[in-house]
Each structure stands twice: as C-alpha cells, then as structure tokens.
1. Here is a check on your reading of the model: is Asn12 at pLDDT 95 or above, surrounded by fewer than 16 Cβ atoms within 10 Å (Cβ to Cβ) and more than 16 Å from ligand 2 (Cβ to nearest atom)?
2. Only one of Asp90, Asp33 is surrounded by fewer than 17 Cβ atoms within 10 Å (Cβ to Cβ), touching a helix residue (DSSP H, G or I) at 6+ places or on another chain (Cβ under 8 Å), more than 30 Å from Ser129 (Cβ to Cβ) and at pLDDT 95 or above. Can you tell me which?
3. Pick from Arg277, Arg254, Arg205, Arg227: which is surrounded by fewer than 24 Cβ atoms within 10 Å (Cβ to Cβ), of a type in the set (Lys, Arg) and within 18 Å of the chain's Cα centre (by Cα)?
4. Take the residues in segment 281-296 that are surrounded by 17 or more Cβ atoms within 10 Å (Cβ to Cβ) and hydrophobic (A, V, I, L, M, F, W, C); name whichever of them is farthest from Lys371 (Cα to Cα).
5. Output the number of the condition that Gly405 fails; it satisfies all remaining conditions of (1) closer than 15 Å to Gly79 by Cβ; (2) of a type in the set (Gly, Ala, Ser); (3) crowded, with 23+ Cβ neighbours inside 10 Å.
6. Residues in segment 291-306: is at least one of a type in the set (S, T, N, Q) and part of a helix (DSSP H, G or I)?
7. Quick check: anything in segment 266-278 among the aromatic types (Phe, Trp, Tyr), closer than 29 Å to Ala117 by Cα, at pLDDT 95 or above and away from ligand 3 (no atom under 16 Å from the Cβ)?
8. Give the residues of segment 93-120 that are among the β-branched types (Val, Ile, Thr) and either surrounded by fewer than 22 Cβ atoms within 10 Å (Cβ to Cβ) or closer than 18 Å to Glu145 by Cβ (or both), sorted by residue number.
Amino acid sequence: MRLQTSFSSRSNLLPLLLLLLQQTGTSAAIELDIDSYSSIKAAAAQVAGDLANEFWDPTSFSGVPNAQYAWWQHGAILGAYVDYWAMTGDTTYNANITIGWLNGVAPSLDLLPKEHAFDIGNDDQGFWSIMSMDAVERVFPETDEQKRRNAGFLEITQTVHNTQATRWDMSTCGGGLRWQIVTVKNGYKYKNTISNGLYFQQSARLAKYTGNESYAEAAEMSYKWMRDVNLIQDDFWINDGADIPDCKRITPKRWSYNYGTILAGCAAMYNYTEGDRREYWKTQLDSVLNATYATFIDQETGALKEIQCQDSDTCDMDQRSFKAYLARWMGYTAQVAPYTYDSIMPHLRKNAALAAATCTGDPRGTACGQKWNIGPQWDGKHGLGEQINAMEVIQNIAPSVAPVGYIFNNRNGGTSKSNPGGMGKKTSGGKLDKAKKYEPYILPTYEIKPADRFGAAIVTILAVVWLGGTVFYVASDFWETPSKLPEGEEAAGGTTGERLE
Ligand SMILES: *[C@@H]1O[C@H](CO)[C@@H](O)[C@H](O)[C@H]1NC(C)=O
Ligand SMILES: *[C@@H]1O[C@H](CO)[C@@H](O)[C@H](O)[C@H]1NC(C)=O
Ligand SMILES: *[C@@H]1O[C@H](CO)[C@@H](O)[C@H](O)[C@H]1NC(C)=O
Ligand SMILES: *[C@@H]1O[C@H](CO)[C@@H](O)[C@H](O)[C@H]1NC(C)=O
C-alpha cells in the first residue's frame with residue numbers, strides 16, 4: 001500500500017522526502033494514446049519491462065521466482081511475450097521466451113515436467129499448450145536448439161493434445177477432462193471449465209492451423225459435452241466446474257478466463273468450418289461474446305471487471321491475472337472471426353486506456369492496478385496479475401492502428417514442424433504409460449536412488465514430494481542436459497520438494 005504522509009510533525013523531514021519521491025514516481029505514469037502505434041508500443045514496453053524485472057525469471061525452472069505464483073503462470077507469461085513480439089516487433093524478450101520454453105518442456109516433451117508433475121492439472125498444462133499454439137500461429141522464430149530437442153511449438157501442442165485426449169474420461173459425467181491428473185488430489189473428482197475449455201480451444205486452433213478434421217472432432221466433442229452438463233448453460237452463463245460422478249452439482253462461479261477460452265475456441269471453429277457448421281459456431285460465438293460483455297463489462301465505466309472477487313478485494317494470485325487471458329482471447333477472436341472486430345476492438349481500446357491510467361503505482365510509479373473501473377488512480381495492488389492484465393489489453397489494441405496481429409496457418413506461412421502422433425519422450429519405446437506414469441507411488445520409506453547412467457547422457461533425478469507426512473515418489477527418469485538444471489529450487493504448489501542429482 002501507499003505510504004500515507006503526514007505533516008503534523010514538522011520536525012521530521014522524512015515524510016516530506018517520501019512525498020517528493022512519491023510525486024516523482026507518480027509523474028512516471030504510463031502515457032497512452034490509443035490512436036498512436038508508437039505510443040501503444042512504448043506503453044506495452046513499459047508494462048512488459050516491469051513484468052520482466054519483477055516477476056519473471058526464464059532461467060529458473062519455475063519461471064516465476066516469487067513462490068506465491070504458479071508454474072502455469074509462467075506459460076501464461078510466455079504467451080504474453082509472444083503476443084508482445086507479434087504486436088510490437090520488439091525482439092527484446094525473444095531469447096528469454098525460448099529459454100523459458102525449454103525449461104518448461106524439456107526433457108519430457110509433454111509439458112509434464114517431473115518437478116511439477118504432482119502439481120500440474122490439465123488446466124496448467126493447457127495454459128502452456130495455448131502459449132505454444134500462440135507461437136505456432138504467430139510464427140514465432142524457433143531456434144536450432146529447440147528443433148534439435150524436438151521441442152518445436154507445434155509438435156508440443158500436438159503432444160499435449162494427444163496426452164489429454166487419453167485422459168478424456170467416460171467413466172463419470174459422460175465425458176470430460178478432470179481438473180487434476182494425479183488421482184489422490186481432490187481436484188481429480190472435479191471437472192472444470194478451464195481444463196475442458198483450454199482443451200477445446202487448443203483442439204479448435206489445431207484444426208484451424210493444420211486443417212486436420214480430427215482436431216475439429218475433438219473440439220466439437222468437448223464443446224458438446226460442456227453444453228450437455230451445463231458447464232456452459234443454455235443462457236451462456238459459464239460455470240466454474242462440476243463434481244463427479246454425474247456433474248449435477250455445479251460450482252456456479254463465473255471467471256473471465258473461462259468465457260475467454262470458450263470465446264476463442266468458438267472463433268477458431270467458426271473460422272475452420274463452413275456452411276451450416278459455421279452458422280452453428282457463429283451463433284455460439286455471438287452468444288458467448290454477448291454473455292461476456294453482459295457479465296464482465298462494468299456498465300458505468302466500460303471497464304473489464306473480475307466480478308467474482310474484484311470489488312471485495314478477494315482475488316487470489318491466480319484470479320488477479322484472469323483478465324489478461326480474456327483480453328488476449330478477445331484480441332484473437334477479432335482476428336480469426338473478423339466480423340466481430342468492430343464489436344470487440346472498441347472494448348479493448350477503452351480498456352487499454354483505462355488500464356494504462358492505473359499504472360502509477362509503487363515501486364517505480366508505473367505499476368498497474370487491478371481495478372480499471374475506478375478512474376486514473378492506482379488501487380494499491382501490485383503483482384504479476386496486474387502487470388500481465390495491462391500488458392495484454394494494451395498490446396492487443398495494436399491491430400487497430402497498425403497492420404499487425406495476423407494469425408497464420410500451415411498453408412499461408414506457418415512453419416512449425418508437425419508431429420501428429422507425439423506423446424512425449426517418457427512414452428517412447430512403449431515402456432511407460434503416459435497417463436499412469438504420474439500416479440504417485442507411495443513408498444513405505446524415504447528412498448533416494450543413486451544416479452543412473454544411461455547411454456551418453458544422463459543423470460537421474462528424484463523428485464520426492466512430502467504430502468501430509470507421506471512420501472510420494474513422483475518420477476525419475478532421464479535428463480539430456482544436466483547443465484540446464486536449476487539449483488536449489490523447491491517444488492511449487494505448497495509442497496516441499498527435494499531433489500538430488
Ligand atoms: C533474460 O532473463 C535473465 C534472467 O532473468 C535476465 O537477467 C535478462 O535481463 C533477461 N533479458 C531480457 C532481455 O529481458
Ligand atoms: C490428424 O490428427 C490425428 C489426431 O491427432 C492424427 O492421428 C493424424 O495422423 C493427423 N493426420 C495428419 C494428416 O496429420
Ligand atoms: C448479441 O447481441 C447483439 C446486440 O445486442 C444482438 O443483435 C444479437 O442478436 C445477439 N446475438 C445472440 C446470438 O445472442
Ligand atoms: C479466418 O482467419 C483468418 C486469419 O487467420 C482471416 O483472415 C479470415 O478472414 C478468417 N475467415 C473467416 C471466415 O472469418
């Protein structure tokens with residue numbers, strides 16, 4: 001929070017000094033002229049720089065050095081920087097995007113890195129695969145290192161798609177992905193919209209990009225299932241999730257990123273399909289868009305608002321970043337369903353201006369706030385969420401003033417290598433069952449194995465996760481490049497981790 005200065009004690013110069021500093025800070029506020037490309041680029045650069053300086057370390061395994069943030073948010077950040085490059089042409093962060101990406105995917109090549117395997121749900125994985133799909137569709141440059149490791153953006157998105165497809169669960173609720181992957185977690189009994197919505201969007205974008213009908217079928221199946229169980233209601237109220245076994249008990253909370261992920265998926269399907277099928281998707285898209293406006297746009301100010309928690313200041317560290325993804329996916333929708341552009345873009349432009357006006361916060365006078373509906377002032381909130389929210393909404397208005405933001409496919413400029421059968425490295429040789437691999441083995445005693453040697457490469461890693469006094473043996477297999485291993489990190493997500501080389 002901001003320091004309140006007081007002049008009641010004249011003998012003390014400190015308050016005056018602080019006030020001066022604060023005023024200097026305030027004058028650093030971000031200026032944004034939404035009609036000027038150079039101004040949009042400068043504002044985006046400032047917000048992106050503040051995010052990078054404080055909340056991003058692509059060289060670390062988690063990517064988000066502050067423990068209150070989660071691994072999935074690293075995937076979200078990378079997506080934001082891919083968009084940043086596409087919208088501004090600024091290559092400042094490109095090398096770090098690749099470094100962060102390789103830390104996330106390698107060596108298992110399925111976006112289930114063993115250090116986080118216990119914590120990763122289908123939604124966390126989905127955020128990374130949507131980031132890689134951004135890179136595919138924007139034709140973000142792939143490095144030789146990436147290709148050498150079979151860590152191209154398209155092949156990884158396909159791999160995540162394939163492994164998630166194997167988790168599609170017909171045993172409860174007539175289908176759907178469960179939230180969590182690990183069976184002992186509570187979220188394994190919950191089927192939520194973000195997991196399924198990201199799967200839907202990922203499938204739809206793969207269909208659009210590759211032209212492969214199989215992906216469209218997966219998208220249609222997952223969408224139909226979400227409609228059937230009322231995760232997406234007939235009135236387009238989109239719920240948070242539902243409990244197994246029958247999905248009758250629903251958690252009716254509404255989050256902006258759920259609307260956003262369904263929106264973008266519908267837009268990609270609208271784009272991919274033709275004829276009656278396209279009409280169907282147009283109706284779905286229009287309905288979700290209308291519901292999005294009605295739900296998340298503040299009537300008085302036009303500001304996007306996280307209605308579930310923003311006014312009450314109860315948004316957690318995840319929720320504080322949700323508006324970023326709604327803004328990103330509104331921008332995406334305006335590109336691939338161009339008939340929505342005239343409706344969407346004014347909302348984004350309005351919100352870019354509102355968001356920038358809140359960027360007067362500590363510590364440097366440019367931190368952005370959470371509440372865009374309170375006028376040109378900072379609300380005291382400062383974090384990864386506030387920065388990425390402002391970054392996405394500001395950069396996503398660039399297409400309104402410059403010929404940028406185009407979404408490519410593999411027939412008109414996309415170059416990322418396809419590997420439709422990808423299942424990740426852990427499954428190669430038929431030795432390991434990809435889904436079962438991550439069920440924790442409960443060991444009677446704490447056990448540390450000595451390092452294995454295997455061919456030319458290789459060090460065995462043991463990730464031992466303590467949970468309620470029980471030790472789970474999460475995974476041990478082979479790293480190609482031990483030099484890339486981060487030192488002394490802890491497993492994310494509230495568990496303590498221990499790892500030996
Ligand atoms: C890349 O990340 C490293 C590690 O966080 C950082 O020191 C460096 O400044 C970053 N480079 C850019 C251009 O952001
Ligand atoms: C299309 O996608 C399916 C499902 O992932 C895959 O099995 C098939 O090989 C793909 N076809 C082509 C031509 O890439
Ligand atoms: C969405 O809202 C617009 C404007 O109010 C309206 O014309 C249109 O019929 C709505 N579409 C759907 C599918 O609800
Ligand atoms: C599909 O998306 C492309 C951009 O990727 C766009 O140029 C094209 O107009 C869209 N098609 C339709 C039918 O809207």
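The values are calculated or read from the model by the stated rules, or taken from the named source; none is laboratory data. Small disclaimer: the values here were computed from a predicted structure and weren't measured. All Cβ positions, glycine included, derive from the backbone under ideal geometry; neighbour counts span all protein chains shown.
1. Answer is no for this residue.
2. Unique residue meeting the criteria: Asp33.
3. Arg254
4. Trp281
5. In the conditions (1) closer than 15 Å to Gly79 by Cβ; (2) of a type in the set (Gly, Ala, Ser); (3) crowded, with 23+ Cβ neighbours inside 10 Å, Gly405 misses (3) alone.
6. Step one: filter segment 291-306 for residues of a type in the set (S, T, N, Q), giving 292, 295, 299, 301.
Within this subset, residues satisfying the condition of being part of a helix (DSSP H, G or I) are 292, 295.
Within segment 291-306 (the criterion being of a type in the set (S, T, N, Q) and part of a helix (DSSP H, G or I)), the answer is yes, since at least one residue qualifies.
7. Within segment 266-278, not a single residue is among the aromatic types (Phe, Trp, Tyr), closer than 29 Å to Ala117 by Cα, at pLDDT 95 or above and away from ligand 3 (no atom under 16 Å from the Cβ).
8. Ile97, Thr98, Ile99, Val105
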